[in-house]
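Below: one structure, written as structure tokens.
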Amino acid sequence: MLRLTSLMYALAGPTLAGILITAALVMDKFDTKSMIIAAAVGFIVAIPVSWIVAKKIADLS
């Protein structure tokens with residue numbers, strides 16, 4: 001399941017980071033610190049998200 005989780009993380013990490021960076025830009029946070037924090041939070045949040053998605057996919061098979 002670790003392999004499936006890592007594949008899900010490769011998709012979820014950049015997606016969530018991009019969503020949070022877009023949200024920061026919409027809130028007029030154009031400084032570098034805000035962009036780095038938004039990207040880091042997106043990549044950190046993607047860890048449990050990818051694990052949950054991989055578990056649900058593994059349960060289907």
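Just a few scattered comments:
- Computed from Cα positions, the angle between helix 32-60 and the longest principal axis of the chain comes to roughly 20 degrees.
- Farthest toward the positive end of the dipole of the chain, out of Ile57, Ile36, Gly13, is the Cα of Ile57, where the dipole comes from beta carbon charges about the Cα centre.
- Once divided by 2.2 N^0.38 Å, the Cα radius of gyration of the chain becomes 1.30.
- Under a model in which nothing but the beta-carbon of Lys, Arg (+1) and Asp, Glu (-1) is charged, the chain shows a dipole of about 180 debye around its Cα centre.
- Helix-only mean residue ellipticity at 222 nm for the chain, each DSSP H run of n ≥ 4 adding -39500 (n - 2.57), per residue, nearest 500: -31500 deg cm²/dmol
Just so you know, all these numbers are worked out from the coordinates, no wet-lab data involved. Since the model is a prediction, treat every value here as computed from it, not as a measurement. Note that we place each Cβ from the backbone using ideal geometry, even for glycine, and neighbour counts take in every protein chain shown.
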